[in-house]
1. Test A:L177 against the stated conditions and say whether it is in contact with a Gly (Cβ under 6 Å, 6 or more places away or on another chain), assigned to a helix (DSSP H, G or I), under 30 Å from A:S27 (Cα atoms) and more than 16 Å from ligand 2 (Cβ to nearest atom).
2. If we only count helices (runs of 4 or more DSSP H) wholly inside the range A:44-101, which ones have 2 or more residues that are closer than 16 Å to A:Q138 by Cα?
3. Checking the condition more than 14 Å from chain A (Cβ to nearest Cβ), in contact with a Phe, Trp or Tyr (Cβ under 7 Å, 6 or more places away or on another chain) and in contact (Cβ under 8 Å) with a residue 12 or more places away in the chain, which residue from B:L214, B:L203, B:L194, B:L190 passes?
4. Would you check if there is a residue in the range A:105-114 being under 22 Å from the mean Cα position of the chain (by Cα) and either hydroxyl-bearing (S, T, Y) or closer than 19 Å to B:V165 by Cβ (or both)?
5. Among the residues that make up the range B:96-113, is at least one of them of a type in the set (G, A, S), surrounded by fewer than 18 Cβ atoms within 10 Å (Cβ to Cβ) and under 23 Å from B:L136 (Cβ atoms)?
6. In the range A:1-20, what residues are within 16 Å of ligand 1 (Cβ to nearest atom) and in a loop (DSSP other than H, G, I, E, B)?
7. How do the pairs read when you match residues in the range B:165-183 that are more than 7 Å from chain A (Cβ to nearest Cβ) with residues anywhere that are part of a helix (DSSP H, G or I) and β-branched (V, I, T), using Cβ under 7 Å and keeping only pairs 6 or more apart or on different chains?
8. Spot the failing condition for A:V189; the list is (1) out of contact with any Lys or Arg (no Cβ under 9 Å at 6 or more places or on another chain); (2) within 16 Å of ligand 2 (Cβ to nearest atom), and only one is missed.
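The values are calculated or read from the model by the stated rules, or taken from the named source; none is laboratory data. Note that this is a predicted model, so its numbers are computed, not measured. All Cβ positions, even for glycine, are placed from backbone atoms using ideal geometry, and neighbour counts span all protein chains on display.
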Amino acid sequence: MNAPAIALENLTVTYNRHPAVHHVSGSLARGSLTAIAGPNGAGKSTLLRAIMGELKPAEGAIRRAVSSRDYGYLPQAADINRRFPVSVIDTVVTGAWKRAGAFGGIGRAERQKASEALVAVGLEGFEARPIGSLSAGQFQRTLFARLLLQDASVIILDEPFTAIDSRTTQDLIDIVLRWHGEGRTVVAVLHDHEQVRAHFPQTLLIARELIGWGPTHEIMTHDNLKRARALAERWDENAPVCAVPA
Amino acid sequence: MSAYDLLIAPFMDYGFMRRALIACLCLALGAAPIGTFLSMRRMSLMGDALSHAVLPGAAIGYLVAGSLSLTAMGIGGLIAGLSVALLAGVVSRMTVLQEDASFASFYLISLAVGVLIVSLRGSNIDLLHVLFGTILAIDNDALMLIGTITSLTLLALAVLYRPLVIDCFDPGFLRAVGGRGPLIHGLFMLMVVLNLVASFQALGTLMAVGLMMLPAAIAQLWARTLPAMLAISVVTAFVSGYAGLIASYHLELASGPTIIVAAAIIYVVSLVAAPSGLMSRYIRRPHLAN
Ligand SMILES: Nc1ncnc2c1ncn2[C@@H]1O[C@H](COP(=O)(O)OP(=O)(O)O)[C@@H](O)[C@H]1O
Ligand SMILES: [Mg+2]
């Protein structure tokens with residue numbers, strides 16, 4: 001098999017020296033579609049932020065085939081000022097950053113692509129609406145349209161379907177599957193085990209420690225899920241220094 | 001008194017009125033859009049804090065030059081404003097204090113030091129000039145400085161527009177694509193300080209933010225898109241400047257505060273009459289079918 005898109009080597013990420021992701025190793029094959037599962041506080045978002053380069057590893061390393069700048073990333077709680085007077089189409093067009101940069105022109109072709117992306121996410125006719133006037137689901141669709149425009153080879157989604165109705169979720173899952181079909185590497189944090197089993201060939205199950213990483217049907221077992229829950233609830237304010245050798 | 005005497009003659013007859021009008025035009029073109037971005041970044045009060053931070057530098061410039069030299073005071077103010085902006089940024093990154101909290105501390109210190117310096121050496125008249133501005137005493141040098149700052153501001157806004165806008169509403173995205181948000185923020189703060197220096201020459205340190213923030217607030221009441229807001233802020237700032245100059249000339253009022261009062265009148269009218277203002281709450285319009 002060819003070189004992986006992303007390889008984690010004994011990755012540990014900490015907050016105030018407490019590990020939130022602890023000694024995780026493994027790799028994401030190019031073109032793979034992977035679900036990240038685990039209870040609340042399991043370190044899923046922390047793992048993705050480390051992959052995006054927002055958090056530095058306390059130990060271990062992340063090897064990327066392409067720079068994380070070229071990834072498409074949908075954070076869990078995007079720090080977006082919805083009251084800013086910007087339209088839906090202009091928000092989507094920012095996805096052309098990789099091609100236009102800070103100063104390059106954004107021509108009719110990019111605007112055309114942005115309109116098509118809006119059609120693809122079911123927001124036709126919303127071009128001129130200010131983002132502040134959208135419902136949560138419509139806004140999430142807008143962010144997906146921007147991801148479409150970004151045309152990234154690696155796409156990272158942190159709980160993209162939380163608080164979204166089932167119809168929208170289905171539309172967005174279709175887009176995720178389309179990305180997979182186009183050979184992109186896609187990683188998504190999901191809480192719905194049915195969705196994971198139905199659509200995601202690979203699963204990474206984490207509860208601070210890695211519980212399992214591989215084909216979904218081997219990972220999403222009753223025993224593994226139980227172990228994940230038990231591990232996640234463990235917390236010691238005065239934990240000793242970790243003894244696992246680097 | 002004819003309309004010509006009322007509205008145009010003062011500028012035909014007196015060079016200082018013409019210079020004041022040009023200064024107002026420059027401030028409208030530069031400071032008002034900067035103010036709009038400041039308030040879009042939810043940093044309205046930061047502008048106020050920075051404007052006070054300019055004072056000790058201006059006061060020291062005044063002492064060094066030995067007279068009310070706007071250029072010396074401008075350079076001093078620039079150094080002081082930038083130092084406070086930098087210090088506040090550094091403190092907020094190194095300690096638990098948020099940027100606004102560290103700003104508040106630094107500007108209070110600056111304001112106290114500035115007033116002390118002026119009151120030690122200057123007469124009370126000078127203190128009033130520094131605090132409330134001397135728009136009718138703007139000489140050609142000061143006008144050149146203001147014009148240069150405005151040109152730089154317009155150029156910088158044109159070049160930085162896209163990353164600046166993205167940094168305002170989705171800083172996380174800018175970070176993810178490697179858009180150098182901190183650099184953009186730093187350059188923007190530089191423009192804020194520059195424009196405060198420009199407008200403090202005309203309006204004084206106490207009023208300097210007036211032509212920055214009032215037009216920005218007015219623009220938000222009338223417009224729903226950023227380009228329209230920027231345009232409205234420029235126009236209202238210039239109209240306030242013109243109306244304020246005319247009123248101060250005929251009524252023999254201090255020009256700086258009169259300009260700000262003119263902007264305040266537009267603001268109050270907008271609060272009531274603008275589409276998103278108070279009146280819209282009491283006017284019922286039938287709802288649409290779809
Ligand atoms: N900024 C932070 N500072 C300190 N602790 C944090 C921070 N963010 C997350 N944590 C802790 O790290 C752990 C993992 O968090 P997170 O990665 O957000 O979990 P998940 O996304 O799996 O729900 C949690 O115990 C959380 O309390
Ligand atoms: Mg999370």
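1. Values: in contact with a Gly (Cβ under 6 Å, 6 or more places away or on another chain): no; assigned to a helix (DSSP H, G or I): yes; under 30 Å from A:S27 (Cα atoms): yes; more than 16 Å from ligand 2 (Cβ to nearest atom): yes.
No: the conditions fail for A:L177.
2. Working: elements: A:44-51, A:88-93, A:97-100.
Of the helices (runs of 4 or more DSSP H) lying wholly inside the range A:44-101, those with at least 2 residues that are closer than 16 Å to A:Q138 by Cα span A:88-93.
3. Details: B:L203 fails: in contact with a Phe, Trp or Tyr (Cβ under 7 Å, 6 or more places away or on another chain); B:L194 fails: in contact with a Phe, Trp or Tyr (Cβ under 7 Å, 6 or more places away or on another chain); B:L190 fails: in contact with a Phe, Trp or Tyr (Cβ under 7 Å, 6 or more places away or on another chain).
One residue alone meets the criteria, B:L214.
4. Taking the range A:105-114 and keeping what is under 22 Å from the mean Cα position of the chain (by Cα), we get A:114.
If we keep only those that are either hydroxyl-bearing (S, T, Y) or closer than 19 Å to B:V165 by Cβ (or both) as well, we get A:114.
Looking through the range A:105-114, at least one residue is under 22 Å from the mean Cα position of the chain (by Cα) and either hydroxyl-bearing (S, T, Y) or closer than 19 Å to B:V165 by Cβ (or both).
5. For the range B:96-113, residues of a type in the set (G, A, S), surrounded by fewer than 18 Cβ atoms within 10 Å (Cβ to Cβ) and under 23 Å from B:L136 (Cβ atoms): absent.
6. Within the range A:1-20, the first condition is being within 16 Å of ligand 1 (Cβ to nearest atom), and the residues that meet it are A:8, A:11-20.
Listed by number, the residues that qualify are A:N16, A:R17.
7. Partner pairs satisfying both residue conditions: B:D167/B:I184; B:L174/B:I166.
8. Condition (1) is where A:V189 drops out.
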